[in-house]
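Below is one structure, written out as structure tokens; comments come after it.
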Amino acid sequence: MSELISEIVKKRFGDAVLETHQQHADDTIVVKREALLDVLRFLRDELDFKMPLDCTCVDRLGLGEKPQCVEEAMNPLLTTPESRPTLGAGLKPRFEVVYHLRSLSRRMFVRVKVRVDEEDPVVPSATSLFKGFTWFEREVYDMFGIRFAGHKDLRRILLYPEFKGHPLRKDYPRRGYQPRIPMPNLKGDPVDTAED
Amino acid sequence: MPTLKIDGQEITVEPGTRIIEAADRLGIPIPRFCYHKGLSVAGNCRMCLVETNKSPKLVPSCYEVCQDGLEVKTNTERVREARRAVLEFILLNHPVDCPICDQAGECDLQDLYFAHDAKPSRHAFKKLHKPKAKVIGPHVILDAERCINCTRCVRFCEEIAKAPRLTQVHRGEWTHVDVFPGQELDHPYSMCCADVCPVGALTTRDFRFKCRVWFLKGTYSVCAECSRGCAIRVDTFNNAVQRIVPRYNPLVNNFWACDEGRLAYHRFEKDRVNEPSIEGTKVHRSEAIGYLLQVIGHKDVVVVLTPFLTCEDAYIACKVIKTFAPQAKIVVGGRGQGFQDDILIRADKNPNRAGLKVVLAGFGLNLEGVGALSTLQSEDLGVLVFGEEHADAELIKALVAKAMHSAAFACTGKGGLGAKAVIPMPSPYEVNGTFINEFGVIQRCRKAVEPECGILPVWRTMKDISEAKGVALMVNNEQDVFEEMKMVCKPLASLHFSDIGEFGIKLEGFSVESSEAKA
Amino acid sequence: MTKDTEALKEGDLYTTYLHLNMGPSHPAMHGTVRIYLKLDGETIVDSDVDIGYLHRGFEKMAESGTWTKVIPYTDRLNYVSPLINNVGYCGAVEKLLGIDITERCKFIRVFVSEISRIVDHLTAIGACALEVAAYTPFLWCMQAREEFYFLIEAITGARVTTSYVRIGGVRWDLPEDWVERYERAEKKLFEMLKDVEALLTRNRIFIDRNAGVGVMKAEDAIAWGFTGPCLRAAGVDYDVRKAQPYLGYDRLEFDVPVGTEGDNYDRYLVRLEEIRQSVRIIRQVIKQIPEGPVNISDWRIVLPPKEAVYNTIEGTIANFENVMKGIQVPKGEAYYAVEGGNGEVGFYVVSDGSGKPYRVHVRPPCFAIMQALSDMIKGRLVADIIPTFDSINMIGGEIDR
């Protein structure tokens, strides 16, 4: 294709497209949340991107400018106290939901990104356009807490329903401890009174 | 005010600024070995060479002064070649010591080689041998093979420590740094030479082979050995202090710290008091609280504070004493005067005398020494002593002997001063709080080591006393104490505990005892 | 009364739906999956596929070490064809770095990928047979697979947890006798395949159980995001190796088998034919593989050779920094897809410029296929779940990560 997909989309949607880039020859389009479904429908119907490849999310809490080292370069291997975080300043909006779509006829894929804040982590669900994002969006909800408006079955998929928190967020620790779940009292079981 | 462009970014700087400083301000990293902001410019490592439009040759950015219209490029092929060449020459005779060198993990040579070179060696001969593991001072050990001849240590000893003990000896590829024959690296800042050394040529004997640096966790804190209150970083591993390293603080100590403060943590490594005891028998904490209530229940109560207490500890202590023993005589003990020089070391060997002055002023009291008690006569005396190192220990012991109930807060077994009850006290590396140094800079002291479970902060014990009397204090952590304290102590009124930051804050309206600001 | 009673037919006995749990601990639920069935007798009215019993936090763990430390985690994704996962992940990081690997390394990676694919398909075919109670062909497939495991062990040192591929190359070159070992495995493979085909392909019971069962037509398959043998069985000619060639697949000649019906039987046939095509690819690799270095020479990415590490300061420093700080990957993001045994395995990596990965996401092929399982078995009998589930060849490590 002589013209980039992101250029076609930008021409069609104007300022609903926030930015585009072609890093490492991957066509990437960042769109506004309101325009997401329109862009996906356009890609599916008119540009033949019929296959839903992947839907994931990136938590941008650790990106952004790293704080400047004062004078003598601080050893990056040492942890630092709360007055100087090692992670970057954190980019806003915090979450970036990434959709990959593939076109079989054009033999290429395109990446569509939409950014949401943590105060309002709602994205319109692409399951209305692509059945194949059903479980992928459930996984993003499970791991990051992004709600997909219009998803018919938004519940946790990889973790158990009583899990508290969203583990792939950057502020969830690598070793996170979960509260114990009380054993369900099935009919006929003797009541378990002993604690560990 | 010259304006110049570095890698396309424009910056305006004060006249006399070097290019490398301007690049640091822009966040453009120019590699360097011999340049150090706290020392004079040598320009001998040639690692910081950059390309400019005003010179056909590459120019050392640590030496060149910024001029108007200068355009600096730090990443052209010529510059990269120059850096590779410099690194290759340095590494020609560098020993393969990384597995045994203490500097591994924080070594400038390792980091810069990986970032700028990463080419295999072209050296086909035997490497040169120079003095290895040579003890050159009570705290520093030299490995001359690793020396890259940046002369940072030479310049430090000459300019900062004012004791020129090191020099470059020999010439050509045999050049290295050494002490003069018959002399030692014996000035009180010798461990700073090991700090400035970018490689493992000068290392501290205290930390030698102790722990690998990537296991260390660094906590920003304040040195508690004299009233300068140098900013330090306490490196711990497995909940034990492994070493103390100075931290940059332009308000207090620039980049340096004296050896004594850096070795002070050994005092608290063993023989700690970790359970309260009354007359030698270990008791439960509630009994100790009961005993303390008896101490302050006497007609005459003497409280000897120590300037090792943080402001928060001192504030809660004074508040509790004043509430339940309003007639108590509060004095301040602490270590006596000692050696002072005009670099960093102060005569007053206590960290927080100024802080105690601020806290006591908040209660309307003046700072009085223990000498004020020499004329004390009493039959019904209770004595409460904080801290274990007091210059007027004899006087305090005499008072303690006269008292019916006496209690002492002590860190190690050397404390106590003969008091009947001994309560555990955390060391300065186990407290969260603030210190105010002699010149009015308030800094945050942070908990680097988690104390054993019997050792609680002093303010917690005083809070328990208050609660035992039925008056609950609405404070749960040091931040709450600070917020309460600043209502009463005027110089702290506009501060916030979490905003004190890594440099501390210079307090306004603070009378300074001596007129010098800093080194 | 609830909608369960809508199933009541006039004049029949009172009946409700049976809720049956095919629990995670079940001999037919490979890789621990729970299918919660709502049955009307034996007919499936509805089902809920519940995964996540093998979730080990791959994506979170990947953020905690350096780029190289993620490679052993990738082994455990699709553990039947671990080398393909290794190749995919390292390819994604190399895309971010913008480097190109050596020619010999490309051919080696193709070779090990195809061997892994043969192993994966043998397992799938064996399992297809096993589930319809044809135990003998299963064991024959396992025997053939053993030969390939010997070959993989000779190359990488391990049968399953291979961790062979590195960023910028592979761990070490192929062993000297790799061609002989391969030919031994190939001979055994064809002996077994002849017998397995003879027993299964025209077998009445096998066809009855599998033909027309678990049908997914092309349009639906694309809408669900199917890739791999399941998509090709539906008639869509899509293979990542042909659509977006990587590692020199565009220089190799091979066909992509495409089915027609999209049922279990077609998937079995597609996999069978793919084994033959993989053999064809491997034979070309053996002819075309050039001599030369396997790793690139940049010590910032690959570890220096041990003689340099132990004897020169440059080697020591490069080794130390590479291991402790990790490969400094420039900021950016990349998506790299390889053709796995089940379909398109995609790796989406995001770097923040340091030696630690910022985000590593795996697009598992069977994740997309399993979301359609509910649709594929709706209206069919319970006995049809087993062959359908098997022909999808869901690997628990891949779907749950």
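The values are calculated or read from the model by the stated rules, or taken from the named source; none is laboratory data. Treat the numbers as computed from the prediction; the structure is a model and nothing was measured. Quick reminder, even Gly has a Cβ in these numbers, built from the backbone with ideal geometry, and neighbours come from all protein chains shown. Ligands, DNA and RNA are excluded from the accessible area calculation, which covers all protein heavy atoms including side chains. Shrake-Rupley method; radii C 1.70, N 1.55, O 1.52, S 1.80 Å.
Here is a check on your reading of the model: is B:E312 acidic (D, E), open to solvent by 20 Å² or more (accessible area, probe 1.4 Å) and in a helix (DSSP H, G or I)? In short, no.
For B:H116, the conditions (1) open to solvent by 20 Å² or more (accessible area, probe 1.4 Å); (2) free of Cβ contacts under 8 Å to residues at least 60 places away in the same chain; (3) touching a helix residue (DSSP H, G or I) at 6+ places or on another chain (Cβ under 7 Å) are fulfilled apart from (2). Scanning segment A:38-65 for residues that are open to solvent by 20 Å² or more (accessible area, probe 1.4 Å), more than 10 Å from every other protein chain (Cβ to nearest Cβ) and either in contact (Cβ under 8 Å) with a residue 12 or more places away in the chain or part of a loop (DSSP other than H, G, I, E, B) (or both) turns up A:D38, A:R41, A:E46, A:D48, A:L61. Yes or no: A:V140 of a type in the set (A, V, I, L, M, F, W, C), open to solvent by less than 10 Å² (accessible area, probe 1.4 Å) and assigned to a strand (DSSP E or B)? No. Residues in segment A:154-170 that are over 16 Å from A:P121 (Cα atoms) and open to solvent by 60 Å² or more (accessible area, probe 1.4 Å) were compared, and the one that is nearest to the other protein chains (Cβ to nearest Cβ) is A:Y160. If only residues of segment A:123-137 that are at the interface with chain C (Cβ under 9 Å from one of its Cβ atoms) and in a helix (DSSP H, G or I) are counted, the one that is farthest from A:V58 (Cα to Cα) is A:K131. Of the residues making up segment B:52-59, none is within 14 Å of another protein chain (Cβ to nearest Cβ), open to solvent by less than 60 Å² (accessible area, probe 1.4 Å) and within 30 Å of B:C157 (Cα to Cα). Out of everything in segment B:12-41 that is over 20 Å from B:P250 (Cβ atoms) and surrounded by fewer than 17 Cβ atoms within 10 Å (Cβ to Cβ), what residue ends up being modelled with the lowest pLDDT? If we take residues in segment B:12-41 being over 20 Å from B:P250 (Cβ atoms) and surrounded by fewer than 17 Cβ atoms within 10 Å (Cβ to Cβ), then B:P29 is modelled with the lowest pLDDT. Figure legend. Inter-residue proximity from segment C:242-257: first residues within 12 Å of another protein chain (Cβ to nearest Cβ), second residues part of a loop (DSSP other than H, G, I, E, B) and open to solvent by less than 20 Å² (accessible area, probe 1.4 Å), beta-carbon distance below 6 Å, spacing 6+ or different chains. No pairs are indicated. Within segment C:310-324, not a single residue is more than 7 Å from every other protein chain (Cβ to nearest Cβ), in contact (Cβ under 8 Å) with a residue 12 or more places away in the chain, touching a strand residue (DSSP E or B) at 6+ places or on another chain (Cβ under 8 Å) and among the β-branched types (V, I, T). In segment C:215-241, the residues that are within 12 Å of C:G262 (Cα to Cα) and part of a helix (DSSP H, G or I) form Cβ pairs under 8 Å with partners that are open to solvent by less than 10 Å² (accessible area, probe 1.4 Å) and among the basic types (K, R), at six or more places apart or across chains, as follows: C:P229/C:R267; C:P229/C:R271; C:C230/C:R267; C:A233/C:R267. When segment A:1-17 is filtered for residues that are in contact (Cβ under 8 Å) with a residue 40 or more places away in the chain and not small (G, A, S), the ones remaining, listed by number, are A:M1, A:I5.
Of all residues in segment B:346-392, those being more than 16 Å from B:I321 (Cβ to Cβ) and under 27 Å from the mean Cα position of the chain (by Cα) number 18.
The single residue among B:Q103, B:Q110 that is open to solvent by less than 40 Å² (accessible area, probe 1.4 Å), within 12 Å of another protein chain (Cβ to nearest Cβ) and either assigned to a loop (DSSP other than H, G, I, E, B) or of a type in the set (G, A, S) (or both) turns out to be B:Q103. For segment A:5-37, the set of residues classified as within 13 Å of chain C (Cβ to nearest Cβ) and not in a strand (DSSP E or B) consists of A:Q22, A:Q23, A:H24, A:A25, A:D26, listed by residue number. Note on segment C:346-401: residues that are among the polar types (S, T, N, Q) and either assigned to a loop (DSSP other than H, G, I, E, B) or at the interface with another protein chain (Cβ under 9 Å from one of its Cβ atoms) (or both) amount to 3. Against the numbered list (1) within 13 Å of chain A (Cβ to nearest Cβ); (2) open to solvent by 60 Å² or more (accessible area, probe 1.4 Å), C:R76 comes up short only at (1).
The set of residues from segment C:200-241 being among the aromatic types (F, W, Y) and either more than 10 Å from chain A (Cβ to nearest Cβ) or open to solvent by 50 Å² or more (accessible area, probe 1.4 Å) (or both) comprises just one member, C:F206. B:A354 meets the conditions (1) closer than 29 Å to B:P188 by Cα; (2) surrounded by fewer than 22 Cβ atoms within 10 Å (Cβ to Cβ) in every case but one. The failed one is (2). For segment C:16-66, filtering for residues that are within 24 Å of the chain's Cα centre (by Cα), of a type in the set (G, A, S), open to solvent by less than 50 Å² (accessible area, probe 1.4 Å) and under 17 Å from C:D390 (Cα atoms) leaves 3. When segment B:291-309 is filtered for residues that are surrounded by 24 or more Cβ atoms within 10 Å (Cβ to Cβ) and among the polar types (S, T, N, Q), only B:T306 remains. Mind checking which residues of segment C:262-298 are over 26 Å from C:D173 (Cα atoms), out of contact with any Leu (no Cβ under 8 Å at 6 or more places or on another chain) and touching a residue at least 24 places away in the same chain (Cβ under 8 Å)? Answer for segment C:262-298, where residues must be over 26 Å from C:D173 (Cα atoms), out of contact with any Leu (no Cβ under 8 Å at 6 or more places or on another chain) and touching a residue at least 24 places away in the same chain (Cβ under 8 Å): C:G262, C:D263, C:N264, C:Y265, C:D266, C:R267, C:L269, C:V270, C:R271, C:E274. Candidates C:G341, C:G292: the one that is assigned to a loop (DSSP other than H, G, I, E, B), in contact with a Lys or Arg (Cβ under 6 Å, 6 or more places away or on another chain) and either surrounded by fewer than 24 Cβ atoms within 10 Å (Cβ to Cβ) or within 14 Å of chain B (Cβ to nearest Cβ) (or both) is C:G292. If the requirement is being within 14 Å of chain C (Cβ to nearest Cβ), open to solvent by 20 Å² or more (accessible area, probe 1.4 Å) and either assigned to a loop (DSSP other than H, G, I, E, B) or in contact with a Gly (Cβ under 9 Å, 6 or more places away or on another chain) (or both), which of these qualifies: B:N75, B:N44? When all the criteria are applied, what remains is B:N75. So is A:L91 under 25 Å from C:K331 (Cβ atoms) and either at pLDDT below 85 or of a type in the set (S, T, Y) (or both) or not? So A:L91 fits the description; yes.
Here B:G182 fulfils each of the conditions (1) touching a Ser or Thr at 6+ places or on another chain (Cβ under 6 Å); (2) small (G, A, S); (3) open to solvent by 60 Å² or more (accessible area, probe 1.4 Å) apart from (1).
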